[in-house]
Amino acid sequence: MLVGVCDFPGSYAFPPAGYGGIERWLWAVAVGARTAGADVHLLGPGWLTNLENDWVRKPVRLEDITTGSLASRDLRSTGYDLLVVGHEYPSLPAWTRTWNELDCDVATFQHSPVFQHADSAFDGKQSRLYCYSPEMIERYAEHQPIPELAVHLGLDEEEPPATAGSDLVWLGRIDEEKAPHIAVRAAQILGRRIQIVGPVFDEAYMRRHERLFSASHVKWVGELGGPAKTAAIRGASVFVYTYARTYVEAGAAVFGESLRAGTPMAALTWREGTCAEAALCDQTGVTTVAQPDQSDETAAELLALAIEQAEDLNHTEVQEIGMHRFDPAHHFTAMSTRSC
């Protein structure tokens, strides 16, 4: 099978050094495809140039190709069986015009809870949409979504054997939607130190919770990538997961990242059917469901209890399950197989 993994215009490299969910997912698909025995081409100029030593890298984007051009004929003669692309592209006329000339499958994973697809974007067979959680499946039901846990990888983020860590860790973009202040308060309730890893996206949000974020039990690490990111997750006793009441988590890279590192999770959700429910089991984490009308303080208290329970889980077992559940080759095989 010949697979083209397509980049897109953005501010992060492919694969990114730290934050960048869709970019990391596309890299995981490329790695998984190669591991599963497929031939892989990295399509688009965004892929790191030093990958050319080990990968076929073609700096061309389908939406930039003119019908009947030499580039169009070259792309068609290559004979792709499958293109994997960001979720917006099967609804982009310029992209689909070129794809329609290739007579190959296209697969994508829904990484946004609000993007509106064209009515004809997916047929469930040649063009396939994959969704993480029951609530995402429900949101995109008209496009025949297929349930699948997304896998995300970064360069040099191979996980060493699991170990029981010490501090708590929270990782993600720091803004209102991700609500790390609740994780910080839960740690404070327990008298535990928590490391906050990730880029600040919302300075106003930081200022609103300045007293909590500046407390002595909070260690601000900043954005990490590569071995340092893996070490921060692996070195924690529990990964604490939060998000805001009205936010819908679509792709949730952190579940796979934490479980593959062997770190159990304590997850706060505000309803059933979320990514936490899809990703975790009794052996890998504890999910607590708060009611949307409950206060942040009550939610933090519930999360604190979940953290205490998650600390009893076995890190080695968490990693074994995580490596199986978030295996790139398995993920690619699932996405490359047409449903009957």
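The table that follows gives values for the structure above.
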quantity	calculated
Unmet criterion (only one of (1) surrounded by 21 or more Cβ atoms within 10 Å (Cβ to Cβ); (2) modelled with pLDDT under 95; (3) among the aliphatic types (A, V, I, L, M)) for VAL85	(2)
The stretch 41-56, subset of a type in the set (A, V, I, L, M) and more than 20 Å from PRO199 (Cβ to Cβ), residue modelled with the lowest pLDDT	LEU51
Qualifying helices (runs of 4 or more DSSP H) (wholly inside the stretch 88-198; at least 1 residues being closer than 30 Å to THR316 by Cβ, of a type outside the set (Ser, Thr, Tyr) and touching a His at 6+ places or on another chain (Cβ under 9 Å))	180-190
Subset of the stretch 42-70 (residues that are in contact with a strand residue (DSSP E or B) (Cβ under 8 Å, 6 or more places away or on another chain), in a helix (DSSP H, G or I) and surrounded by 13 or more Cβ atoms within 10 Å (Cβ to Cβ))	LEU51, LEU62
Single unsatisfied condition, HIS41 versus (1) touching a residue at least 40 places away in the same chain (Cβ under 8 Å); (2) in contact with a Gly (Cβ under 9 Å, 6 or more places away or on another chain)	(1)
Residues located in the stretch 126-164, provided they are aromatic (Phe, Trp, Tyr) and in contact (Cβ under 8 Å) with a residue 60 or more places away in the chain	TYR130, TYR132
Positions within the stretch 91-115 being surrounded by 21 or more Cβ atoms within 10 Å (Cβ to Cβ) and farther than 15 Å from VAL29 by Cβ, in sequence order	TRP95, THR98, TRP99
Flag if ALA266 is more than 18 Å from ALA183 (Cα to Cα) and either under 18 Å from the mean Cα position of the chain (by Cα) or surrounded by fewer than 16 Cβ atoms within 10 Å (Cβ to Cβ) (or both)	no
First in the stretch 10-25 and over 10 Å from TRP47 (Cα atoms), second anywhere and charged (D, E, K, R), Cβ under 6 Å, 6 or more apart	GLY18/GLU223; TYR19/GLU223
The stretch 116-134, residues that are surrounded by fewer than 20 Cβ atoms within 10 Å (Cβ to Cβ) and in contact with a Cys (Cβ under 9 Å, 6 or more places away or on another chain)	GLN126
Those residues of the stretch 1-18 which are over 21 Å from the mean Cα position of the chain (by Cα) and not in a strand (DSSP E or B), in sequence order	MET1
Any hit, the stretch 56-77, residues being of a type in the set (S, T, N, Q) and either under 26 Å from the mean Cα position of the chain (by Cα) or within 29 Å of ASP327 (Cβ to Cβ) (or both)	no
The stretch 19-40, subset modelled with pLDDT under 95 and part of a loop (DSSP other than H, G, I, E, B), residue farthest from the chain's Cα centre (by Cα)	TYR19
Any strands (runs of 3 or more DSSP E) falling wholly within the stretch 217-285 and containing at least 3 residues that are in contact with a helix residue (DSSP H, G or I) (Cβ under 9 Å, 6 or more places away or on another chain) and touching a residue at least 40 places away in the same chain (Cβ under 8 Å)	238-241, 265-269
Residue that is surrounded by the most Cβ atoms within 10 Å (Cβ to Cβ) [pool: residues in the stretch 289-321 that are free of Cβ contacts under 8 Å to residues at least 12 places away in the same chain and assigned to a helix (DSSP H, G or I)]	GLU320
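A quick yes/no check of all residues on (1) at pLDDT 95 or above; (2) assigned by TED's automatic domain parsing to the domain that holds PRO180; (3) closer than 30 Å to LEU155 by Cα:
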{"position": "GLY256", "(1), (2), (3)": "yes, yes, yes"}
{"position": "ALA261", "(1), (2), (3)": "yes, yes, yes"}
{"position": "THR287", "(1), (2), (3)": "yes, yes, yes"}
{"position": "ASP293", "(1), (2), (3)": "yes, yes, no"}
{"position": "ALA300", "(1), (2), (3)": "yes, yes, no"}
{"position": "ALA304", "(1), (2), (3)": "yes, yes, no"}
{"position": "GLU317", "(1), (2), (3)": "yes, yes, yes"}
{"position": "HIS330", "(1), (2), (3)": "yes, no, yes"}
{"position": "SER339", "(1), (2), (3)": "no, no, no"}
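The values are calculated or read from the model by the stated rules, or taken from the named source; none is laboratory data. For clarity, every value in this text was computed on a predicted model and none was experimentally measured. Positions of Cβ are backbone-derived with ideal geometry, glycine not excepted, and every protein chain shown enters the neighbour counts.
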